[in-house]
Every structure is written in C-alpha cells, then in structure tokens.
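These notes are about the structure you will find just below.
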Amino acid sequence: MRHLMSPLDFSTEELSNLFDLANDIEKNPGKYAHACAGKKLATCFYEPSTRTRLSFESAMLSLGGNVIGFSDAGSSSAAKGESVSDTIRTISCFADICAMRHPKEGAPMVAAEKSRIPVINAGDGGHQHPTQTLTDLLTIRSLKGRLDNFTIGLCGDLKFGRTVHSLIHALVRYENIKFIFISPEELRIPDYITDMLKEKNIPFEEVIRLEEKMPELDLLYMTRVQRERFFNEEDYVRLKDFYILDKTKMALAKEDMLVLHPLPRVNEISVEVDDDERAAYFKQVQYGVYVRMALILTLLEIKVN
Ligand code: NCD
C-alpha cells in the first residue's frame, strides 16, 4: 500500500505517468466517470481549506465515488483529545482512502504509519503540500510542454509557504532549472533549502525587488503572506502588501511567462492581471482536480482501459 507524504515519494517517471493519466482524464472524463464506484474518500481537515478539500471531494465525485469527512478540528474527536493515530485507525474502517490536512508538521506521516488505507498529505503546517505541487507541475507541463529548462521566480512568503518548499524539492529533479527567490528579508527561503541547492549545484539567486528579475523569468510563482503562521500581527501588517503584481510589472515580463499562484490570493496579484493570457492561476485550480483524480486512481490501484 502506498501513501503520498512528499512529492518525492514518486519518481520522475511515475510522475510522468500520473500526469499522462491526468491529461487523459481531462480529454476523456466520461471514461473515468464510474471508476471509483463503491469507494469512499475521507477528507480529514484539521485546518481550514476550501480549495484543497473541495478539489479532493470534486475529484472523487467525478470518479463516481463518495466522500465523507470533517473540515475543522473542532468538529472532530480531536476536540476531545483523540490522537491522529487513533483517528486514522477508525477512519480506516469507514473509507478506502484518506486526504489529511493538519497544522502540525509530520502529522499525516504519523497517521500513515497506523493506517490500513492510503493516506495523502493535503498540507502539514509550513512543511509540505505535495498535491499542490502535483497541481503546479501538471499545469506547467500541460501549458509549457516540459518540466525542464526554466528560470522560475518564487515570490512572497518563502519562509512559511509550504507550497514553495514542496515545489522546489520537486523541481530540482529536472534538468537546467534556475531559481530566483524574491522575498523581503524577513520571509527569506529557509537555509535548509538553499543548503540543499548548493549541495546539488543548482543555481539560485535571492533578491528583494520583483521588477529587477521580471524580464528573466519563464515562470513566476506568486504566494500569499501566511498570516496564520506569523507570531505577531504587526509583522504581518508590515509585510502583507510587500508585493503586488500589476499590469506595469507584467509589461516587463516575457510574452510567454506563466503566472502561477496556489491561491487563495489576497492582494499580491492585482485583479487587473486576471485577464492577461499569461495568468494561469485559475487554470491551475482545474488541473488540481485532474491530478487528484489521477492520484486517487493510482493509490487505489484502479486501472481504466
Ligand atoms: C496553499 C496552502 O494551503 O498552503 N493553498 C492551497 O492549498 N491551495 C497556499 C496558501 O494557503 O497560501
């Protein structure tokens, strides 16, 4: 039985098969409409989410399966003091697969150890968010036709943004990727990541101004300042509007640069950018459903011919 804790749990070849499957689902949704008939997905969300949870639920429903679950810790037995290990043992009797989001880093991994069903990490604290990374990679591959030879700018909250951490770990396995980290000093990318890049001889730069690097980028990954992970509100207020991507900045970018964002957006991308052809963040949401459908089928070992 397989779980998904980190994007690295799949080899690049396995990822390529997963993305082929996701693209086939996109083209032939009818073929997969009953693939999970009789199966149940449990969404165990100990932390708020709309996109990720509903994306999982939509994916399972589009496969003809059913969904059970809870969407905040307060309405589950965690409020009574139940451990994640006990919860998953119980959920294993109710469902065939589980997507879990938790504010504590590593909690889905603890759950996976005791689980009788595949567990998918749907985000653990500031650590990892592998299904967002699968979404990001599928979006890039589908819109650009490749996952190598890119200069990618990651902008915003690089310290607390788990989607950023997961994406970097996944991209280092492809050829000729250069990273440009764009953040205020206080929200710099953690040292453990820059150490890993140095060790692997992967080029990166750290800058504060977005405009400066805009013309070089093939991909721009914008992120929200993660209010809920700040220790004090004052710092958040000072940093929240540090970057605002608008038409003027977009005018500096390559004609075929893609703008990605895991969403939710706050102020970091002005709505005037939404109509720009390079804005890919709403397409990204759609790819998120296809890739979760492909993932559920893969972890449940269901083949559709
Ligand atoms: C991200 C997350 O939960 O980390 N959102 C998402 O999964 N779509 C990014 C965020 O919350 O800023």
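The values are calculated or read from the model by the stated rules, or taken from the named source; none is laboratory data. Source: prediction; values computed, not measured. Note that we place each Cβ from the backbone using ideal geometry, even for glycine, and neighbour counts take in every protein chain shown. The area values use the complete protein model at the heavy-atom level, side chains included, leaving out ligands, DNA and RNA. Shrake-Rupley method; radii C 1.70, N 1.55, O 1.52, S 1.80 Å.
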Under 12 Å from a point placed 7 Å out from the Cα of VAL304 along the Cα-to-Cβ direction: which residues of segment 129-157 have their backbone N that close? none
Considering only Cα-Cα distances, which of the following residue pairs are longer than 26 Å: LYS27/LYS254; LYS144/LYS213; LYS144/LYS240; LYS254/LYS283; LYS80/LYS114? LYS27/LYS254; LYS144/LYS240
Whenever you get a sec, compute what percent of the accessible area on segment 131-285 sits on carbon and sulfur atoms (1.4 Å probe). 47
Say each of GLU186 and GLU205 gets a label point 7 Å from the Cα, pointing the same way as Cα to Cβ; how far apart are those two points in nm? 2.6
May I ask you to evaluate 6.51 cos²θ - 1.76 cosθ + 1.60, the Karplus curve with θ = phi - 60°, for each residue of segment 222-231 and list the ³J(HN,Hα) values in order in whole Hz, giving x for glycine and proline? 8, 9, 7, 6, 7, 3, 5, 9, 7, 8
Averaged per residue, what accessible area in Å² does segment 113-229 show with a 1.4 Å probe, protein chains only? 36
Centre separation in Å (Cα based) which lies between segment 41-70 and segment 1-35: 17
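For segment 214-305, what is the Kirkwood hydrodynamic radius in Å, using each pair of distinct C-alpha atoms?
Details: mean 1/r = 0.0650 Å⁻¹.
This gives a value of 15.4 Å.
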With a ≥ b ≥ c taken as the square roots of the eigenvalues of the C-alpha gyration tensor of segment 111-161, please select rounded if a/c is under 1.5 and otherwise prolate if a/b is larger than b/c or oblate if it is not? oblate
Quick one: go through segment 111-136 and flag any residue whose amide nitrogen is under 18 Å from the point 7 Å out along the Cα-to-Cβ line of SER77. 111-117
For the chain, set up a GNM with springs between Cα atoms under 10 Å and report which of TYR290, TYR243, TYR174 has the largest fluctuation. TYR174
Projected convex hull area of segment 131-285, Cα atoms, direction-averaged, in nm², equals 8.5
DSSP loop GluC sites (Glu not before Pro) in segment 52-148 with at most 12 other Cβ atoms within 10 Å of their Cβ, which ones? GLU82
Per the C-alpha gyration tensor (a ≥ b ≥ c, the square roots of its eigenvalues), segment 27-100 is rounded if a/c is under 1.5, else prolate if a/b beats b/c, else oblate; here it's oblate
Using a ≥ b ≥ c from the Cα gyration tensor of segment 179-244 (square roots of the eigenvalues), is it rounded, prolate or oblate, where a/c under 1.5 gives rounded and otherwise the larger of a/b and b/c decides, a/b for prolate? oblate
GLU228 label point, 7 Å along Cα→Cβ, cut-off 20 Å on backbone N: hits in segment 259-283? 261-269
Can you show me the helix-derived [θ] at 222 nm for the chain, built from DSSP H runs with n ≥ 4 at -39,500 (n - 2.57) apiece and divided by the number of residues, rounded to the nearest 500. -11000 deg cm²/dmol
Suppose the chain between HIS34 and ASP195 were pulled fully straight at 0.36 nm per residue; how much longer would it get relative to their current alpha carbon spacing? 53.4 nm
